[in-house]
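To start, the structure under review is shown below, and the notes come after it.
The values are calculated or read from the model by the stated rules, or taken from the named source; none is laboratory data. From a predicted model like this one, the values you see are computed outputs, not experimental measurements. Cβ sites come from the backbone with ideal geometry, for glycine too, and all protein chains shown count toward neighbours.
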Amino acid sequence: MRRHSSLRPAAEAQATPMICGFFSCDVRPFNPLLDSLPRFIRCGGGTATSDGLLDNFIRFAAREANSKRAGSQTVLNRLSELMLVEVIRTHMDQPLCLTS
């Protein structure tokens with residue numbers, strides 16, 4: 001029987017942050033844009049976006065979430081909407097963006 005060892009990061013390895021989320025909306029009445037989108041869109045990790053805009057939104061959202069300043073939740077709500085629009089634009093511009 002072969003024994004498997006666990007993976008251990010190198011001492012100098014850095015943590016990789018990962019941001020996941022979902023966006024929900026009322027699907028009634030019929031919305032052709034929503035119906036044309038795949039159930040899952042992965043953008044990032046080398047996927048080209050317009051001038052790194054999505055990366056900037058994500059960095060801004062991470063800073064805002066950690067700052068706990070007045071109005072942070074409102075800023076995060078608006079950023080999530082902007083990120084959704086940018087992801088859809090990227091998907092439309094880059095048919096090779098991974099989908100399923």
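List the number of the failed condition for Leu96; all other conditions in (1) within 22 Å of Ser24 (Cα to Cα); (2) at pLDDT below 90 hold. The single condition Leu96 does not satisfy is (1).
Within the stretch 32-52, the presence of a residue that is within 12 Å of the chain's Cα centre (by Cα), within 21 Å of Met92 (Cβ to Cβ), small (Gly, Ala, Ser) and at pLDDT 85 or above is excluded.
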